[in-house]
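Read the structure below first, then the notes.
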Amino acid sequence: MYVLDTSALLSRHMPDGPCAITHLVLDEVRDERSHDFVTSHLSAGTLVVCDPGPEAIERVRNEKRRSGDDLSEADISVIALAYEHDGTVCTDDYGVQNVAERMGVSWLSTKTRGIQTVVTWKKRCPGCGRTYDSESDYVCEICGTQLKRILTKRRR
Ligand SMILES: [Zn+2]
């Protein structure tokens, strides 16, 4: 099963095979052309609306916390649904690709080449160099300097 996010729907490129979106993604489809595209696939049965269970959502939330990616509730639901059904996420969003990759969920990018590295967002103090996880406070607890968001990478 392919699970499409909003960026994949906007590209209007439908993978060959059973496709699904979540209600949160459906809610994000606002422009008329994308809405018509979705509605025609829903009535043709080539696309279904399906939601993940709470356990899969929690798994994605935990991985998102570790990676520090900034994901919406809709993004989380897409990865969780693919995780639950051993499906493939279709997305052009680097954050969604990153968290999916870290969880061993396969993904396809529709327009771009997609991510080449897996990243972890952290925060770093420009004053004393101490690093913090991405959800840390705004200022360094040692020297009080404002923290900056930084990226650590490894190859896929
Ligand atoms: Zn500091």
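Read the figures in this text as sums done on the coordinates, not as results from a lab. Note that this is a predicted model, so its numbers are computed, not measured. Neighbour counts are summed over all protein chains in view; Cβ atoms, including those assigned to glycine, are modelled from backbone coordinates with ideal geometry.
For Asp133, the shell of other residues with beta-carbons less than 14 Å away shows a net charge of +3, using +1 for Lys and Arg and -1 for Asp and Glu.
As I understand it, the value is the acute angle between the Cα axis of helix 73-85 and the longest principal axis of the Cα atoms of the chain; what does it come to in degrees, rounded to 10? Taking Cα atoms only, the helix is inclined about 70 degrees. Counting only DSSP beta bridges with both residues in the chain, the antiparallel share comes to about 50 percent. Against the chain, whose longest principal axis is taken from its Cα atoms, helix 32-44 shows a tilt of about 60°. Compute the length gained on full extension between Ile142 and Ser34: take 0.36 nm times their separation in residues and subtract their Cα-Cα distance, giving the result in nm to one decimal. That works out to 33.9 nm of additional length.
Per-residue Karplus couplings for segment 117-129, computed as 6.51 cos²θ - 1.76 cosθ + 1.60 with θ equal to phi - 60°, are listed in order as 10, 9, 10, 10, 7, 9, 10, 9, 8, x, x, 10, x Hz, Gly and Pro entered as x.
For the chain, what does the alpha-carbon gyration tensor say about shape, rounded, prolate or oblate, given a ≥ b ≥ c as the root eigenvalues, a/c under 1.5 as rounded, and a/b over b/c as prolate? Note, shape of the chain comes out prolate.
What's the local net charge at Asn62, with K and R +1, D and E -1, over the other residues with C-beta under 14 Å away? Around Asn62, the surrounding residues sum to 0.
Take every Cα pair under 8 Å in segment 2-108 that's 6+ residues apart, average their separations, divide by the length, and report that relative contact order as a whole percent. If you can, show how the numbers build up before the last one.
Numbers: 160 pairs, mean separation 35.0, N = 107.
Here the relative contact order equals 33 percent.
Just subtract the alpha-carbon distance of Thr112 and Tyr132 from 0.36 nm times their residue separation and send over the number in nm, one decimal. List each step's numbers first, then the result.
Working: separation 20, 0.36 × 20 = 7.20 nm, distance 3.11 nm.
Length gained, Thr112 through Tyr132: 4.1 nm.
Near Ala20, the amide H atoms lying under 5 Å from its own belong to Tyr2, Val3, Leu4, Val48; only residues 5 or more places off or on other chains count, and H is placed 1.01 Å from N. So how tilted is helix 94-103 from the main axis of the chain? Cα-based, degrees 0 to 90, rounded to 10. It works out to around 90 degrees. The H on the amide N of Ile150, modeled in the peptide plane, is under 5 Å from the matching H of Lys122, Lys123, Arg124, each at least 5 residues off or on a different chain.
Straight-line reach from Lys123: taking Cα to Cα under 22 Å and skipping same-chain neighbours fewer than 8 places apart, the lysines in range are Lys64, Lys148, Lys153.
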